[in-house]
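Please read the structure below before turning to the comments.
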Amino acid sequence: MSENNPREHVIMMMLDTLMDEPLQRALEEESLPAFQFFMEKANHYYPDVVAPFPTMSVNVESTFITGHYSDQHHIPALAWFNQKEQRIINYGTHVIEQMKLGLSRCVYDTFYRLNNEHLNPNVTTIYEDLYQEGKTAASVNALVYRGPVENELKLPRLLRLFVPLDRTIPTKGPSHFVYGKFSKMSPWTKYSHVWNKYGFNNHFSIQEFTYFVEQDMIPHFSIVYLPDHDKRVHKHGRMDLKGIKQMDEQLQQLLNAFSSWEEALERNIWILMGDNGQATVGENKEQALVDLRRLLEPWKITKLRKGVQPDDQIVLGMNLRSCFVYSLHPDVLPLDEIAKKLQSDARIEVIAWKEQEWIHVISGDKQGTLRFKENGNVKDVYEQMWTIEGDTTVLDLNVNGSKLSFGEYPDALKRLHSCLHSHDGDYVVCATKPGHEFIGESTPHHENGASHGGFHNDDSLIPLLVAGTESQPPFLRIVDLKTWILQLTRELKERSE
Ligand SMILES: [Zn+2]
């Protein structure tokens, strides 16, 4: 058995919407004892790890826990169109949107189908792999958590007044499974009321993990997800420092649960990371928000409440700064026609669709066309091979002989390729430039704030801090972290009982 780290556990703090630039500024301008401590003790700090596209939490989490992009894990984004069932799946962008789609179905999609049906059963999660190796694991408040252990979500009475669902929903999670009030481990009830979003908040996540520390039951690997900062950045913009300060206070609380901060570091490997970034959305609503219903006129778009009607032509899967535009009848309304229409708006920076093995890319902002496919003579910085034809400036690619690196769109080819192979259907995926966001029927919007879901560096790059090991991930992408963390857990010291 390999064993060369004197530490016993790997603890990963997933800090929603943590970005390098505001973190650096906060470290200069604010008092952040916990972040300061981790920064000083860090073996590695990377400002720019690549998140998958679309940059939405469920896709990011699925990519992390499976170690694959969405072409393998099959969770395309927060909102997508299920061709087989002819309906839009929405794991929770906006409660009004969900009400229109049918609240109980949305709740069931999020609580049950996301983990137990949609997440591809043919790929394993980090929790399943750890279990195979005889190791324990915790998921605290992550949305995607599929594991080997039978569990159940308990639905509170108040919620059941609105959604006709059973009192419990069976599900499978890791050995230590916390999912808000619906599955908790501590006996404490604070921070889990309806007005606390049933426990999906930073305080509750910290409280539950503190319980593991106090009970001396930290598993080999834990993800502790702190969701709150996302909303602050949406509202106050990329450089919001207050949310970072709040997370620092919560990290202090967690460190204080150990007999000392030094001990917390001596017994554990710590990984602190974001999940996705956010790009600025401009002040002027008219200019900042790209209304797809107007842009796609006169085509008939499916209404959320009505569902697909016989004469509908288009369905929208809205993911803030990106969108899936589905053609219901591609023989009559082909994808390149939809793409051309999208191209007429200069605020849309990337428009891509699949045609057999080729991915076609155009832009509303740049001239030229580009197409690419897997395999070929060009090798990118992640050692993936491609055939590329056309104008490489469309995706800001730097081709140097047979070598390829990326500019504004990190891991551009694999991220587009996987996104366009993530689910069945005929669709174009598009993303707006920083400064903008898509809107459709009752989607949330964040003018004079920030948003994500897009393809750009601003949405896609997150910081990663590692303390307690010299080991480094093979590439700086979220998709590459699972294998690395499994390796870290194999090197841990056996816990003395
Ligand atoms: Zn968000």
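Please enumerate the residues belonging to region 180-237 that are of a type in the set (Val, Ile, Thr) and closer than 23 Å to Leu159 by Cα.
The answer is Thr189, Val194.
When the residues of region 19-38 are filtered to those that are part of a loop (DSSP other than H, G, I, E, B) and out of contact with any helix residue (DSSP H, G or I) (no Cβ under 7 Å at 6 or more places or on another chain), which remaining residue is nearest to the ligand (Cβ to nearest atom)?
Selected residue: Met19.
Only one of Tyr108, Tyr69, Tyr91, Tyr127 is modelled with pLDDT under 95, crowded, with 21+ Cβ neighbours inside 10 Å and of a type in the set (Phe, Trp, Tyr); which?
Tyr91
Go through (1) touching a residue at least 40 places away in the same chain (Cβ under 8 Å); (2) within 16 Å of the ligand (Cβ to nearest atom) for Pro219 and report which single condition fails.
Going through (1) touching a residue at least 40 places away in the same chain (Cβ under 8 Å); (2) within 16 Å of the ligand (Cβ to nearest atom) one by one, Pro219 breaks only (2).
Return yes when Gln367 is modelled with pLDDT of 95 or more and surrounded by fewer than 17 Cβ atoms within 10 Å (Cβ to Cβ) and no when it is not.
It is false that Gln367 is modelled with pLDDT of 95 or more and surrounded by fewer than 17 Cβ atoms within 10 Å (Cβ to Cβ).
In region 291-332, what residues are away from the ligand (no atom under 16 Å from the Cβ), of a type in the set (A, V, I, L, M, F, W, C) and part of a strand (DSSP E or B)?
Correct list: Ile301, Ile314, Val315, Leu316, Phe324, Val325.
Keeping to region 300-334, report how many residues are of a type outside the set (S, T, N, Q) and under 30 Å from Thr280 (Cβ atoms).
Number satisfying all stated conditions: 13.
So is Trp386 among the aromatic types (Phe, Trp, Tyr), in contact (Cβ under 8 Å) with a residue 24 or more places away in the chain and in contact with a Gly (Cβ under 7 Å, 6 or more places away or on another chain) or not?
It is true that Trp386 is among the aromatic types (Phe, Trp, Tyr), in contact (Cβ under 8 Å) with a residue 24 or more places away in the chain and in contact with a Gly (Cβ under 7 Å, 6 or more places away or on another chain).
Identify the residue in region 199-221 that is more than 17 Å from the chain's Cα centre (by Cα) and not in a helix (DSSP H, G or I) and, among all such residues, is surrounded by the fewest Cβ atoms within 10 Å (Cβ to Cβ).
Asp216
Somewhere in region 8-17, is a residue within 21 Å of Gln487 (Cα to Cα), more than 16 Å from the ligand (Cβ to nearest atom) and part of a loop (DSSP other than H, G, I, E, B)?
yes
When you scan region 39-77, how many residues do you find that are farther than 30 Å from Asn90 by Cα, touching a Leu at 6+ places or on another chain (Cβ under 6 Å) and part of a helix (DSSP H, G or I)?
So the count comes out to 1.
If you go through region 133-142 one residue at a time, how many are surrounded by fewer than 22 Cβ atoms within 10 Å (Cβ to Cβ) and touching a residue at least 12 places away in the same chain (Cβ under 8 Å)?
Qualifying residue count, region 133-142: 3.
Of everything in region 44-62, what is within 8 Å of the chain's Cα centre (by Cα), more than 13 Å from the ligand (Cβ to nearest atom) and hydroxyl-bearing (Ser, Thr, Tyr)? Give them in sequence order.
The answer is Ser62, and nothing else.
Quick check on my filter: what residues within region 97-151 are among the aromatic types (Phe, Trp, Tyr) and under 20 Å from Met12 (Cα atoms)?
The answer is Tyr127, Tyr131, Tyr145.
Can you name the residue in region 222-275 that is away from the ligand (no atom under 16 Å from the Cβ) and among the acidic types (Asp, Glu) and, of all such residues, is surrounded by the most Cβ atoms within 10 Å (Cβ to Cβ)?
Ranking the candidates gives Asp248 first.
If you check every pair at least six apart or on different chains, which have Cβ atoms under 8 Å apart with a residue in region 303-325 that is on the phi > 0 side of the Ramachandran plot and of a type outside the set (A, V, I, L, M) first and a residue that is surrounded by fewer than 23 Cβ atoms within 10 Å (Cβ to Cβ) and part of a strand (DSSP E or B) second?
Correct list of pairs: Gly307/Arg87.
Give me a count of the residues in region 158-210 that are more than 27 Å from His9 (Cβ to Cβ), of a type in the set (Val, Ile, Thr) and touching a residue at least 40 places away in the same chain (Cβ under 8 Å).
Matching residues across region 158-210 total 2.
The values are calculated or read from the model by the stated rules, or taken from the named source; none is laboratory data. Being a predicted model, the structure only gives us computed values, none of them experimental. When we count neighbours, we look across all protein chains shown, and the Cβ atoms used for this are built from the backbone with ideal geometry, even at glycine.
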